[in-house]
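Below: the structure, in structure tokens.
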Amino acid sequence: MTTPTNTPDTGGPDAGRPLLIPELVSLDAGLPADKDVVLTTLADLQVSAGRASDATVLLGDIHAREAQAATGLPGGIAIPHCRTTAVDAPSLGVARLSNPTDLGADDGPADLVFMILAPAGAGREHLKILSTLARSLVKKDYVEALRSASSEDEIVALVTEKLNARKKKAGPSAAASSTGTAAGSTGRTGDDADAADAADAGEAPTKKVTKIVGVTSCPTGIAHTYMAADALTNAAAKRDDVDLVIETQGSSGNEKLTARQIAEADAVIFAHGVAVRDIARFAGKPVVDVPVKKGISDPDELLDRAVAASTAENPSRVTASGDEEAGDDTEQSPVGWGIRIQQAVMTGVSYMVPFVAAGGLLMALGFLLGGYNVSNVWETAVKDYSLWNLPGHLSYEMDGSTEAFTSDRSGMLLYLGAVLFGGGTTAMGFLVPALSGYTAYALAGRPGIVPGFVGGAISVTVGAGFIGGLITGVIAGLAALWIQSYKAPRWLASMMPVVIIPLVATLITAASMFLVLGRPLAAVMEGLQNWLTSMSDGTPWLLGIVLGLMMCFDLGGPVNKAAYLFATAGLSTGDDAALKIMAAVIAAGMVPPLALALATAVRPHMWTREERENGKASWLLGASFISEGAIPFAAADPLRIIPSMMVGGAVTGALSMQFGAMSRAPHGGFWVAPLMDNAWGFVIAVIAGTLVSAVTVLVVKQVTARKDATKSGDATSPVPA
């Protein structure tokens, strides 16, 4: 056995023991391409070498860590790692596989596997080793040396050399203060994010490593947010000059960047469709600010711009107020007011949607339990009755009629239906104030919330509806932002955010609505409602076609979002026309992912392997009304995909409107269909549009492929995969 000297001091109870010995190396052992077999083999090596006490415990801890996030890296490498009670000192194992095995990397299976273990209570030793190894493994010559090594001893020497270089070059002070991670690491959360904070300075890279932090977000927080984060993370993983950590501000929550990560960042990337939350954290940092779709389509360009901004003499920077300070680079200049207001409105919509979802679904459940006329008796039921004093059949009068009507249900069903309907109605009452308040918040931060909410409430009072809410949100935000720009004396500064800004901005907003804008906006809202009602009663299919085309035109882009905003905001009126529009928009938005899922399943040879995999995932995305599931297809082949999807979307929108499907919920796809009115029409419309789009895209691909083959002089060549 060869025992390397000068081993890295990783701490723990046996710090002088070498991390890696030949007995812990499996070299071209001919293992099957099975993840469990590979991990079990490495665990058994640890036990047989006396490093681990129990292979079962060790494997349990490794699999628990793998369940959190895959440890496969681009380039055929994987680094499974964990803390475990099965070892009492840090240890390392290596397997070079003759049959590459899938360990979760996006670009395919791995043939080099490094298992890093640390004692359960030993802190972050394994993360320091992980950091150093990952830095080394982004260098192609080093990876090739590992792949061409002829013996276990050579593998040990190569690995030990890198680990010792970390110890020699970091030095005590550097090790105590540095927080870098492996350049090009994959998306990091949990232990991996800790590695960013805990790793030593490491080996001096051949290139300067630029530390970048980023934020991704989109109006719904469902698809674009995470797609942009993945695209940026994957792009960074292929480079050795950047160290990227992303904060996703999505609907499923987010793991916020730490203050330390932000402080050490050389530049910031904002790829967002709504305002960045707590943007003042990034004050003073060079910034690249782009729409979220840019993060999906051009991640490498954004990384290049961030690297350039980090060394530019006068880059755009985030100021303490959360705005951007313009720099010399025109490409990185701050966005204009038009885009800022658009983003603010989208922020308002993203905060409004949960109110609509909760309120709409509660109202639908109320109708389901309490009957169709629960809306006329719910107030009486909840005020005058209780669980121990249940109502009978309640009487009510309709506007414009002297005839008395009676509820069709009574007892527990009526009472529970009234409670649900009352909760939903109350939630829907916050729709316009939330839209206005959070639009103002996106423009001015917290000082904009009060005038924004008050403006939204005034819009409801004067009958201006969601149009008034949009206007008051912008007015309140701009007013609060303008007042913030005033340099108040020190004795007044403490009162500005609590008293002065809310007071003056609310006064400006209220005066604007009551004195100038209220009646004209109410007239516009009334005209819009009358137009929608006439369209719904006369030619509903025509409106459905327009909405279907818009929903499928750019799959989550501005046109798609405009149609969605039109539908969700209209729910504030509560009339049948608005409910029909909401159902049509949901139905049309489901078509692209479902159609492409069907097309890839029916004719798999016409699609690439990656597209077939995306097609499998698109079944669930489409059923859940996540149109963005079709983006990878549209990005690869827009001229054939997008028109085909628009045809099916138009069919679905027209049928949904014609059948009279109505939805009180703004999202959910098939999962909320049981709560819709005329749900059968909704389902038929989605199926019809899906079939039309699937057939259209297959025919278009077949025809254009034949034309391409004819032009190239090879008419007998098969359709390209």
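The values are calculated or read from the model by the stated rules, or taken from the named source; none is laboratory data. Source: prediction; values computed, not measured. Here the Cβ is made from the backbone with ideal geometry for all residues, glycine too, and neighbour counts use every protein chain on show.
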Are any of the residues in region 266-279 assigned to a helix (DSSP H, G or I) and either in contact with a helix residue (DSSP H, G or I) (Cβ under 6 Å, 6 or more places away or on another chain) or within 14 Å of D230 (Cα to Cα) (or both)?
no
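Of everything in region 204-223 that's crowded, with 24+ Cβ neighbours inside 10 Å and touching a strand residue (DSSP E or B) at 6+ places or on another chain (Cβ under 8 Å), which residue is modelled with the lowest pLDDT?
Checking each candidate, the answer is C218.
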If you check T71, T40, T85, T56, which single one turns out to be outside the structural domain of E255 (by TED's automatic domain parsing) and buried (at least 24 other Cβ atoms within 10 Å of the Cβ)?
T71
Kindly indicate whether F405 is of a type outside the set (G, A, S), surrounded by fewer than 24 Cβ atoms within 10 Å (Cβ to Cβ) and either within 30 Å of P497 (Cα to Cα) or not assigned by TED's automatic domain parsing to the domain that holds A280 (or both).
yes
Breaking point among (1) farther than 14 Å from F114 by Cα; (2) at pLDDT 85 or above, for R17
(2)
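Going through G322, G338 one at a time, which residue ends up being modelled with pLDDT under 80 and outside any helix (DSSP H, G or I)?
Of G322, G338, the one residue that is modelled with pLDDT under 80 and outside any helix (DSSP H, G or I) is G322.
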Single condition V651 does not satisfy, out of (1) crowded, with 20+ Cβ neighbours inside 10 Å; (2) at pLDDT 90 or above; (3) closer than 18 Å to D576 by Cα; (4) not basic (K, R):
(3)
Taking region 286-308 only, how many residues are assigned to a loop (DSSP other than H, G, I, E, B) and modelled with pLDDT of 90 or more?
0
G448 being assigned to a helix (DSSP H, G or I), under 22 Å from V345 (Cβ atoms) and among the small types (G, A, S):
yes
Filter result for the condition that a residue is at pLDDT 70 or above and either surrounded by 15 or more Cβ atoms within 10 Å (Cβ to Cβ) or among the aromatic types (F, W, Y) (or both), over I129, I155
I155
Suppose we filter region 101-126 for residues that are among the small types (G, A, S), surrounded by fewer than 23 Cβ atoms within 10 Å (Cβ to Cβ) and modelled with pLDDT of 70 or more; how many remain?
4
Can you give me the number of residues within region 62-115 that are assigned to a strand (DSSP E or B) and among the aliphatic types (A, V, I, L, M)?
12
Can you pull out every residue in region 23-43 that is at pLDDT below 90 and in contact with a Pro (Cβ under 8 Å, 6 or more places away or on another chain)?
A33
Could you go through region 476-484 and let me know if any residue there is surrounded by 15 or more Cβ atoms within 10 Å (Cβ to Cβ), more than 33 Å from the chain's Cα centre (by Cα) and assigned by TED's automatic domain parsing to the domain that holds F430.
yes
